[in-house]
Every structure is written in C-alpha cells, then in structure tokens.
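> Can you read through this structure? Questions will come right after.
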Amino acid sequence: MSIDIEQVRADTPGVSHVNHLVSAGASLMPQVVVDAMVDHLNLEAQIGGYGAANQQSEMLGGVYDQVANLLGAKPQEIAIVENATVGWCQAFYALPLKRGDRVLTCQAEYAANYVAYLHRAKRDGIIIEVIPNDAHGAIDVEALEKMLAEPTALISITWVPTNGGLVNPAQAVGKLAKKYGVLYLLDACQAVGQMVVNVSEIGCDFLSATARKFLRGPRGIGCLYVREALIANMEPVVVDHFAANWVEKNRYELRSDARRFETWENAYALRAGLGAALAYADNVGLANIQKRAWKLAQTLRDQLTTIKGAQVHDAGVRHCAIVSFSIEGLDPVETVAALRAKNIIIGTSGVDSSRLDFEARKLPLLLRAAPHYFNTADEIGQLVAALKDQIK
Ligand SMILES: Cc1ncc(COP(=O)(O)O)c(C=O)c1O
C-alpha cells in the first residue's frame with residue numbers, strides 16, 4: 001500500500017507552518033508523538049513520576065519490542081539512551097581496545113565517532129586506519145578485505161553520512177566482518193527511519209540511532225543495539241545499580257541484557273514519544289517511507305540542475321534522502337537564513353561534521369536539504385524557486 005500523504009500531513013501540525021526539508025537534522029513530529037509525551041507529562045503531574053511510569057509500564061516496556069522490531073533485533077539486545085552518540089560511545093568505550101589495536105573506519109565517518117577514536121588513540125594507543133573509497137566515493141569493499149589481512153580489532157563505520165546522499169555498503173562490510181571474525185560497529189543514525197534496517201542482514205554487532213531525525217521522534221533520546229552473544233562479555237564504561245545488581249557488599253552482577261548500557265533515571269515522556277514515533281513509522285511502512293523520501297530527494301537533485309552554478313555533492317551510486325549542494329555566489333549561512341524567513345527550512349553541512357570527507361573532496365560549507373515522506377513535490381519546487389530568487 002502506498003502512503004496516504006493527505007493523512008500524513010494532517011497528522012503533522014508543522015507542515016502548515018513551515019516547508020520543512022531538514023529531516024536529517026531534526027524532523028517534524030506527528031501529533032501522536034507530541035500527544036504521547038504530553039499525556040505522560042500530565043500523568044506525571046497528576047500522580048507523580050514514579051506512579052506514571054508504573055501505570056504506563058506496559059507501554060514503556062513495549063518500546064524495546066518496537067525498537068527491536070524496527071531493527072530486526074531482539075528486545076534484550078536494545079538499550080534506550082539519550083542520543084545516538086551516547087549509544088555509540090557505550091558500545092565503543094566498552095570494548096577493551098589496547099595499544100596497537102587497529103580500528104578501521106571510513107572516509108565519511110561522523111565527527112563525534114572520529115573524535116572518540118582520537119581520544120582512545122591518545123589514551124589507549126589504538127591505531128586508526130581509514131578504508132579508502134571506491135571510484136564512486138563509497139567504502140571500497142575490496143580494499144577493506146585487503147586491510148583485514150592484518151589483525152583488526154574493530155570495523156566502525158557510518159552507514160549514511162550526515163552530509164550527502166551516500167549509502168555505504170553496510171551489508172558487504174558485515175559479510176567481511178563475519179568472514180574475518182572482526183567486531184563491527186555501525187553508526188546508523190541517518191539511516192534509521194529513512195530506510196529498511198535489519199541487523200541480521202547487515203551483520204553488524206552494534207548499531208546506534210537517534211529518534212529526532214528520520215524517525216520523527218523527540219529530541220534527547222536514541223538507542224543502541226548490541227548482538228546478544230556479545231553482551232555478557234561487555235563491561236559498560238558507566239555502571240550503576242540499574243546496569244548491575246549490587247548483590248553483596250563487595251560485588252555486583254551486571255544485567256544480562258543490553259540495558260546494562262543504561263542508567264536508572266530516564267526521560268519516560270520521551271520514551272513514550274519514541275514509542276509513538278515507532279508505531280507511526282511502522283504503520284506508514286519503512287519500505288514506503290524509503291521509496292517516497294528517496295524519490296523526493298531525487299526530484300530535488302534533478303531540479304537543482306536547473307539552477308545556474310548549482311552542484312550536488314553526492315557520493316556513491318545509490319542516493320538517499322540527504323541532498324548536499326552548493327550554488328555559486330550564494331553564501332550557505334545567509335541562504336539558510338533567507339529561506340527561513342520564507343518558512344523554508346534547510347540547513348548547512350560543514351567540515352566539522354565529517355572532516356575527512358570534506359578535506360578529501362575539498363568541499364566548502366554546503367547547503368543540506370533532506371526531504372522526508374511527508375514532504376511534497378510542490379515543497380521541493382518552492383525550495384528550488386526560492387533558491388533561484390536568491391541568485392537574482
Ligand atoms: C552520521 C551521524 N552519526 C551520529 C550522529 C549523532 O547523533 P546524536 O546527535 O543523536 O547523538 C549524527 C547527528 O547528526 C549523524 O549525522
């Protein structure tokens with residue numbers, strides 16, 4: 001079944017205020033997501049935070065099943081945390097990497113992850129090696145296989161980078177990780193919610209994601225997937241009395257599930273919002289979402305070719321719903337502000353989010369638009385017309 005766009009837009013109050021084309025930053029929440037959070041906050045106001053969590057325990061506990069369902073994982077493999085970075089760091093810092101251990105990453109790696117590699121290079125002496133790109137600018141899988149001839153502690157890559165249409169070959173990387181018995185950490189922050197994701201098909205051991213982007217959930221909440229067989233041997237960097245039972249004066253026992261990467265106190269209203277966002281996405285259908293969002297992005301790419309001096313800075317062969325571009329003579333920051341004044345919302349993407357890629361391709365600060373399935377071809381047309389007006 002295809003998407004009922006009128007319904008989806010009626011469900012999304014933001015579309016009557018703005019032409020929101022920046023779901024790679026933070027998307028527009030459907031009203032049901034807002035309602036779920038407000039209802040939970042009201043319940044907290046009425047009966048107290050603990051009472052509200054108790055009363056809603058089934059729904060709140062069910063969010064683990066929903067995340068698992070979205071990722072093709074098991075509920076016990078899911079931790080719900082503050083954001084994608086916290087989830088990613090929980091996995092990365094729990095790995096007992098030591099001096100000389102090789103970590104292979106990609107050219108399009110996200111800044112937060114790369115800074116963490118540098119931190120552990122400084123602190124623990126790990127060695128960071130970057131997998132070269134193929135001729136299209138995606139991870140070169142053959143080059144990766146050659147690199148795996150040497151002992152490797154971890155492959156850690158970004159699936160969909162923050163700054164463009166690239167979709168790295170996550171599954172092909174997963175096959176190699178399995179073949180060579182190397183742990184595989186996947187940053188799926190920009191993929192989850194715009195694409196069909198299945199951790200078994202990808203073959204990753206860890207995956208991190210966030211709610212506010214293509215999932216259309218609230219800010220301040222994200223998740224981590226950890227493959228079940230690995231959990232028992234992972235000591236989180238932070239351990240409290242939720243992550244572990246304090247069983248004797250001098251001994252604790254870590255939880256057996258991925259929630260050992262959580263702590264006791266949580267934003268239950270946000271969790272309720274995440275649950276509503278997951279239900280909403282599931283109802284629309286991830287395959288439908290991917291098809292429409294990618295098609296709208298392609299429409300934008302096509303229409304940008306009609307603007308003099310416009311250049312789309314995609315990499316890879318398949319292109320997702322993130323479109324990064326530049327237009328000769330237009331300053332990105334001023335352009336974003338001018339469009340915002342017309343209620344057209346896009347953003348910028350710069351070297352600080354993906355330094356290796358920006359430097360290798362000598363990219364300037366870029367404009368970034370990311371349509372989602374609730375957008376329309378008309379809205380893409382409005383953006384392109386407004387950009388043309390800016391040039392005049
Ligand atoms: C590729 C990628 N990974 C990770 C993150 C971090 O997500 P969060 O801000 O939820 O920690 C982002 C955010 O833009 C991202 O684009």
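The values are calculated or read from the model by the stated rules, or taken from the named source; none is laboratory data. Not measured: the values here are computed from a predicted model. Note that each Cβ is placed from the backbone with ideal geometry, even for glycine, and that neighbours are counted across all protein chains shown. Each accessible area value is taken on the protein alone, full model and side chains, heavy atoms only, with ligands, DNA and RNA left out. Shrake-Rupley method; radii C 1.70, N 1.55, O 1.52, S 1.80 Å.
> Could you give the size of the charge dipole of segment 257-312 about its Cα centre, using +1 on the Cβ of each K and R and -1 on the Cβ of each D and E, expressed in debye and rounded to the nearest 20? Please report the intermediate quantities before stating the final value.
On the way: 8 positive and 5 negative charges, 68 e Å.
Here the size comes out at about 320 debye.
> For the chain, what is the percent of antiparallel DSSP beta bridges, rounded to the nearest 5?
Taking every DSSP beta bridge with both residues in the chain, the antiparallel ones total about 55 percent.
> In terms of the ratio Rg/(2.2 N^0.38 Å) built on C-alpha atoms, what value belongs to segment 160-252? Before the final figure, lay out the partial values.
Numbers: Rg = 16.2 Å, N = 93, 2.2 N^0.38 = 12.3 Å.
Segment 160-252 yields a ratio of 1.32.
> Now, a different point. Taking the C-alpha atoms of the chain, how large are the radius of gyration and the largest Cα-Cα span, Dmax, in Å?
21.3, 73
> Once the other residues with Cβ under 12 Å from the Cβ of Val130 are scored (Lys, Arg +1; Asp, Glu -1), what is the net sum?
Numbers: positive: Arg102, Arg355; negative: Glu109, Glu129, Asp140, Asp357, Glu359.
Computed value for this residue: -3.
> Can I ask one more? Taking every pair of alpha-carbon atoms in segment 195-307, give the share separated by more than 21 Å as a whole percent.
Tail of the P(r) past 21 Å holds 56 percent of the pairs.
> Separate question: For segment 32-170, report the translational diffusion coefficient in µm²/s to the nearest whole number, using Stokes-Einstein at 25 °C, 0.890 mPa s, and a Kirkwood Rh over Cα pairs.
On the way: Rh = 18.0 Å.
Rounded, D is 136 µm²/s.
> Find the lysine pairs in segment 32-283 meeting two conditions, Cα atoms under 17 Å apart and a separation of 8 or more places or different chains, and report how many there are.
Qualifying lysine pairs in segment 32-283: 4.
> Sticking with this one: Within segment 32-283, what whole-number % of the accessible surface is contributed by carbon and sulfur, with the 1.4 Å probe and all protein chains included in the calculation? Numbers along the way, then the final one.
Values: 5610 of 10750 Å².
Answer for segment 32-283 is 52 percent, counting heavy atoms of protein chains only.
> Towards the positive end of the charge dipole of segment 113-214, with charges on Cβ (+1 Lys, Arg; -1 Asp, Glu), say which of Gly181, Ala138, Ala121 has the farthest Cα.
Ala121
> What nm value, rounded to one decimal, do you get for the distance between Arg361 and Val18 when each label is placed 7 Å out toward the C-beta?
The answer from the label model is 2.5 nm.
> Tell me, in nm to one decimal, what length is gained between Glu58 and Gln298 on full extension, where the rule is 0.36 nm per residue of separation less the Cα-Cα distance? Write out the running numbers ahead of the final one.
Numbers: separation 240, 0.36 × 240 = 86.40 nm, distance 4.10 nm.
Between Glu58 and Gln298, full extension yields 82.3 nm more.
> Which of the lysines could a cross-linker bridge to Lys342, judged by Cα under 19 Å and excluding same-chain residues fewer than eight apart?
Lys388, Lys392
> While we're here: Starting from 0.36 nm per residue, how many nanometres of slack lie between Ile47 and Ala10 once their C-alpha separation is accounted for?
Numbers: separation 37, 0.36 × 37 = 13.32 nm, distance 3.22 nm.
Gain on extension, Ile47 to Ala10, equals 10.1 nm.
> Which value, in nm² and rounded to one decimal, describes the direction-averaged projected area of the C-alpha convex hull of segment 278-348? Don't jump to the answer; show the numbers that get you there.
Values: hull surface 24.4 nm².
One quarter of the hull surface, i.e. the mean projection, equals 6.1 nm².
> Can you tell me the convex hull volume per residue for segment 89-237, based on C-alpha atoms, in Å³ to the nearest whole number?
Values: hull volume 16.6 nm³, N = 149.
Residue-normalised Cα hull volume stands at 112 Å³.
> Going by Cα centres, segment 39-100 and segment 272-331 are how many Å apart?
Going from one Cα centre to the other spans 28 Å.
> Taking the Cβ-Cβ separation of Gln311 and Lys392 as r and a Förster radius of 22 Å, what is the calculated FRET efficiency to the nearest 0.05? Write down the numbers at each step before the final one.
Values: r = 19 Å, r/R0 = 0.86.
It comes out at approximately 0.70.
> Would you mind counting up the charge near Asp11? Only other residues with Cβ under 12 Å from its Cβ, with Lys and Arg at +1 and Asp and Glu at -1. Don't jump to the answer; show the numbers that get you there.
Values: positive: Arg9, Arg216; negative: Asp4, Glu6, Asp35.
Neighbour charge sum, excluding Asp11 itself: -1.
> Also, I was wondering about something else. If the convex hull of the alpha-carbon atoms of segment 60-110 is projected onto planes in all directions, what is the mean projected area in square nanometres?
Values: hull surface 20.2 nm².
Answer in nm², one decimal: 5.0.
> Work out how much length His136 to Thr263 would gain on full extension: take 0.36 nm times their residue separation and subtract the Cα-Cα distance, in nm to one decimal.
Working: separation 127, 0.36 × 127 = 45.72 nm, distance 4.20 nm.
Answer, rounded to one decimal: 41.5 nm.
> Now a separate question. Taking amide H atoms as placed 1.01 Å from N in the peptide plane, list the residues 5 or more away in sequence, or in a different chain, whose amide H sits under 5 Å from that of Val22.
Distant-sequence amide H within range of Val22: Ala370.
> Place a +1 charge on the Cβ of each Lys and Arg in segment 32-283 and a -1 charge on the Cβ of each Asp and Glu, then give the dipole magnitude about the Cα centre in debye, rounded to the nearest 20.
Values: 22 positive and 28 negative charges, 96 e Å.
With Lys and Arg at +1 and Asp and Glu at -1, about 460 debye.
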